[in-house]
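The values are calculated or read from the model by the stated rules, or taken from the named source; none is laboratory data. Since we're looking at a predicted model, the values are computed, not measured. All Cβ positions, glycine included, derive from the backbone under ideal geometry; neighbour counts span all protein chains shown.
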Amino acid sequence: MIIQGESAQPAPPTHPNCMRPTSNSRPDRLSLLPAVRAASIRKALTWATSGGVAAWVAAGLLMLAGTAAACPFCESVQQTIRQQSATMDAVVIATSLDGELTRNLSTGVVKMKIEKVLKGQEFVEAGQEVDAIYYGKVEVGRRFLLSGVDPPDLQWSCLPITDRAEDYIVGATKVEDDPVARLRYYQKYLEDEEAFISRDAYDEFASSPYSVFQKLGPDMDHDRLIQWVQDPEIGADRKRVYFTMLSVCGTQEDLPMLEAMLRHPAKSMTGGLDALIACYLTLAGEDGLELIDELFIANKRAPFPQSYAAIMAIRFHGTEGDVIPRSALVESLHKVLDRGELADMVIPDLAKWNDWSQIDRLVRLFKEAEKDKNWLRVPVINYLRACPLEEAKTAIKELEEIDPDAVRRANTFFPIPVPVREKTPDTSETSRRELPADRPVRLASTGPVAVQTALAGDVPVGGQFAAKASAGTNPWNLGYVLGTALLTIILGQFLLLTGGASSGDPVSEAA
């Protein structure tokens, strides 16, 4: 039986991102993940030690699926009321018949009367009395949202609600089962005066894909979004949603405001800067890259979180955006290669976007990499492995003589990056070396290899894994999966025996 009290009510949304990199050391890949997702990965590592390879593979697939299906810049804080209700057998609005003097204090049982049945009419009906366990404060006539499982003897979880919350919940049940229609309903409550309602509405948007945002565009309130993104009292997590919405319904008349925010970002905007940059680029188009390069990409004095946010925004436009061609986006990523502490973050993007113009430059970076910056070498090898040109194969042999361990790690633990299809016709000359039409393409890796690759920087965090069917399944894929799963189990055992991450790590605390 699920028991809830006052403390079981959803907590207010917290800042979804935890960035702890410094300019003097390589950024911790896990610290760049949103805290909730990073915590899930840490838990999955421990889970793998007890649940085996199959559990780890399942966990990896689930995390990747969740990543691809949500708003590209948003983190849902928790399941929404609608999502929770979908897993229940019955959902009702009920009134408490007991008060503090009549309730059973030892068992917590409270007698309640069902007023409205929102789901599960075959199990319960209005007017029926049920017993639910609740340890919070109870008054006669107090309204609750009850969610029941395991019929016919339903076990109820309880959530006290106000009249306003009841109207919100009941209204949501009357919306047609269509993602656009749902967001059309929830957007009215994004900044509701009642925190419970605004939080749930935010989570509905944060868990929706960008394609749904685009379809909702004509129904968005542009003027209200402008007010919200400029309101210093609204947190960065919510502004991520609002900038994503503004990118859909905004116009070029909004560019001066957005440019001012980019040139003088407020401290409260640091966590949502990637969404702001993506919004600006959507409205400004390819011409907007000049400003982003000036402020965050080519500017070596730009703080790491700001440059990282710009990379994430460019990555979004290369995967989900349909405004700027990849040939223009890779020009900005080329500038990142001049910044050693960031270069390894964009090399996989160049490979996935079929930009083979940087072979000589990456070979030089490999050779010049110092011992304390040798993390750059594996991404370079993976880029060369993905490249179909003969000069790439020749370069791998040359680099193997310099650092055979780096080449061995790349071949053992990482799949070859799979170039993705062009999202829009691209006739520019930037990508001067194209894939041969008859080149076979490996299957994209999933499961533990994909998650491990994301952690190591081989695949962009928050990006999507593109899969192309080849003529046959390569047996090396199975080797990658099993080998990485075994490595993960060993790592999980080590973390378990040593007590895991050090205290004070926000990701550990989130886990």
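Answer yes if at least one residue in segment 208-223 is within 22 Å of GLU166 (Cβ to Cβ) and under 22 Å from the mean Cα position of the chain (by Cα), and no otherwise.
Within segment 208-223, none of the residues are within 22 Å of GLU166 (Cβ to Cβ) and under 22 Å from the mean Cα position of the chain (by Cα).
Residues are listed down the side, and each one gets a yes or a no for (1) part of a loop (DSSP other than H, G, I, E, B); (2) in the same structural domain as PHE196 (by TED's automatic domain parsing); (3) at pLDDT 95 or above; (4) on the phi < 0 side of the Ramachandran plot:
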| position | (1), (2), (3), (4) |
| --- | --- |
| MET112 | no, no, yes, yes |
| GLU115 | no, no, yes, yes |
| PHE123 | yes, no, yes, yes |
| GLY127 | yes, no, yes, no |
| LYS137 | yes, no, no, yes |
| LEU146 | no, no, yes, yes |
| ASP153 | yes, no, no, yes |
| TRP156 | no, no, yes, yes |
| GLU166 | no, no, yes, yes |
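The test for being of a type in the set (S, T, N, Q), surrounded by fewer than 17 Cβ atoms within 10 Å (Cβ to Cβ), under 18 Å from ILE292 (Cα atoms) and assigned by TED's automatic domain parsing to the domain that holds GLY285 holds for GLN252. Of the helices (runs of 4 or more DSSP H) that lie entirely inside segment 329-426, not one contains 2 or more residues that are within 30 Å of ASN299 (Cα to Cα) and touching a His at 6+ places or on another chain (Cβ under 7 Å). Identify all residues within segment 234-275 that are of a type in the set (Asp, Glu) and either touching a helix residue (DSSP H, G or I) at 6+ places or on another chain (Cβ under 7 Å) or under 19 Å from MET312 (Cβ atoms) (or both); write none if there are none. ASP237, ASP254, GLU259, ASP274, listed by residue number.
Within segment 219-233, one or more residues are within 19 Å of LEU281 (Cα to Cα), out of contact with any helix residue (DSSP H, G or I) (no Cβ under 6 Å at 6 or more places or on another chain) and of a type outside the set (Gly, Ala, Ser). Looking across segment 129-152, the residues that are out of contact with any Phe, Trp or Tyr (no Cβ under 9 Å at 6 or more places or on another chain) and surrounded by 14 or more Cβ atoms within 10 Å (Cβ to Cβ) come down to TYR135, GLY136, VAL138, ARG142, ARG143, LEU145. Are any of the residues in segment 340-360 outside the structural domain of VAL241 (by TED's automatic domain parsing), of a type in the set (Ser, Thr, Tyr), at pLDDT 95 or above and out of contact with any Ser or Thr (no Cβ under 7 Å at 6 or more places or on another chain)? No; the residues of segment 340-360 include none that is outside the structural domain of VAL241 (by TED's automatic domain parsing), of a type in the set (Ser, Thr, Tyr), at pLDDT 95 or above and out of contact with any Ser or Thr (no Cβ under 7 Å at 6 or more places or on another chain). Does GLY217 count as under 24 Å from GLU259 (Cα atoms), of a type in the set (Gly, Ala, Ser) and either at pLDDT below 95 or buried (at least 20 other Cβ atoms within 10 Å of the Cβ) (or both)? Answer is no for this residue. Kindly provide the set of residues from segment 51-108 that are part of a helix (DSSP H, G or I), modelled with pLDDT of 90 or more and among the hydrophobic types (A, V, I, L, M, F, W, C), ordered by number. Result: ILE81, ALA86.
Of the candidates ALA298, ALA284, ALA260, the single residue that is small (Gly, Ala, Ser) and either crowded, with 24+ Cβ neighbours inside 10 Å or within 20 Å of ILE234 (Cβ to Cβ) (or both) is ALA260.
Filtering LEU333, LEU342 for residues that are farther than 20 Å from GLY288 by Cα, without any contact (Cβ under 8 Å) to a residue 40 or more places away in the chain and under 23 Å from the mean Cα position of the chain (by Cα) leaves a single hit, LEU342. Among the residues of segment 270-282, at least one is assigned to a helix (DSSP H, G or I) and touching a strand residue (DSSP E or B) at 6+ places or on another chain (Cβ under 8 Å). Candidates are the residues of segment 274-315 that are within 17 Å of VAL241 (Cβ to Cβ) and among the β-branched types (Val, Ile, Thr); the one that is farthest from the chain's Cα centre (by Cα) is THR282.
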